[in-house]
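Some notes on the structure that comes next.
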Amino acid sequence: MKIMLRTLMVGGLLCFSVPVWALVPITLDHTITYTAKGSRSEAQHGHLWVDGEELPKVFTRVSRGQLSYRLHQRQNLWGADGYHPETPAVLPTASSDVMPIIARERGYYLGEKRLKDTPEDWLCVEWGQSQRAFVAPKSIENFIATHKLRPMSNMEMMEHPEPSRLKIR
C-alpha cells in the first residue's frame, strides 16, 4: 500500500508530513426534518452532519467558518429542536497565540479564542454555561467520551436558554 504525504508549515517554523487523506476537506451539512408538517403541531428537527456522521446533540453551539448553529429544544409539540443556524452568526475571536503541537495530535484544545494555526475544518463547540473547545472533526467522538458529555435535557435547556454571546468578528 502506497501512502502519499504532504509537507506542511505550522506558523512558518515547523515542517511535518501528513497523509494526503488528512487534507481532504471535511463537510459540515445542516438538514431539517419535519413531523406533522403543515399542521398546527408542525415541528422542525435540525441536524448537523460532519463528514456524513450526525453530530450528537450535546453542544449548545457549534460554529465553523462564518456559520454558527444553536441547539434548540422544544417545550411543545410544535416548534424547532436540534441545531439551527444563528443570524447573525456567533463566532469566536482569534488569538495570536500559536496552537500547541500536542493539541493537534490530541485533536482538540479547550479555550475561549481560536488559536493561530487551528485547522480551518475544526469545529468550535460550546456546552454547559460557558465551556468552549476547538475540535478536529475526526476527534469529536473521542472528545465527547473524554469529557463525558451527554444530550441536554429539557430542564437544562430552560435553565441555560442562551449561552454567553461573543463579539461578532
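Give the residue that is modelled with the lowest pLDDT, with candidates limited to residues of region 136-154 that are among the hydroxyl-bearing types (Ser, Thr, Tyr) and open to solvent by 40 Å² or more (accessible area, probe 1.4 Å). Break it down stepwise before answering.
We begin by selecting, within region 136-154, every residue among the hydroxyl-bearing types (Ser, Thr, Tyr); these are 139, 146, 153.
If we keep only those that are open to solvent by 40 Å² or more (accessible area, probe 1.4 Å) too, we end up with 146, 153.
Values: THR146: 95, SER153: 56.
Looking at residues that are among the hydroxyl-bearing types (Ser, Thr, Tyr) and open to solvent by 40 Å² or more (accessible area, probe 1.4 Å), I get SER153.
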**Item:** TYR69 surrounded by 15 or more Cβ atoms within 10 Å (Cβ to Cβ) and without any contact (Cβ under 8 Å) to a residue 40 or more places away in the chain
**Value:** yes
**Request:** Collect the residues in region 109-135 that are under 18 Å from LEU71 (Cβ atoms), surrounded by fewer than 19 Cβ atoms within 10 Å (Cβ to Cβ) and in contact (Cβ under 8 Å) with a residue 40 or more places away in the chain, keeping them in residue-number order.
**Result:** GLY128
**Fill in**
Here, strands (runs of 3 or more DSSP E) confined to region 1-54 with at least 2 residues that are surrounded by fewer than 13 Cβ atoms within 10 Å (Cβ to Cβ) and at pLDDT 75 or above are 28-35
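The values are calculated or read from the model by the stated rules, or taken from the named source; none is laboratory data. Because the structure is a prediction, the values reported are computed rather than measured. No Cβ is skipped: glycine too gets one built from the backbone with ideal geometry, and neighbour counts run over all protein chains shown. Ligands, DNA and RNA are stripped out before the accessible areas are found, and what is left, the full protein with its side chains, is counted by its heavy atoms. Shrake-Rupley method; radii C 1.70, N 1.55, O 1.52, S 1.80 Å.
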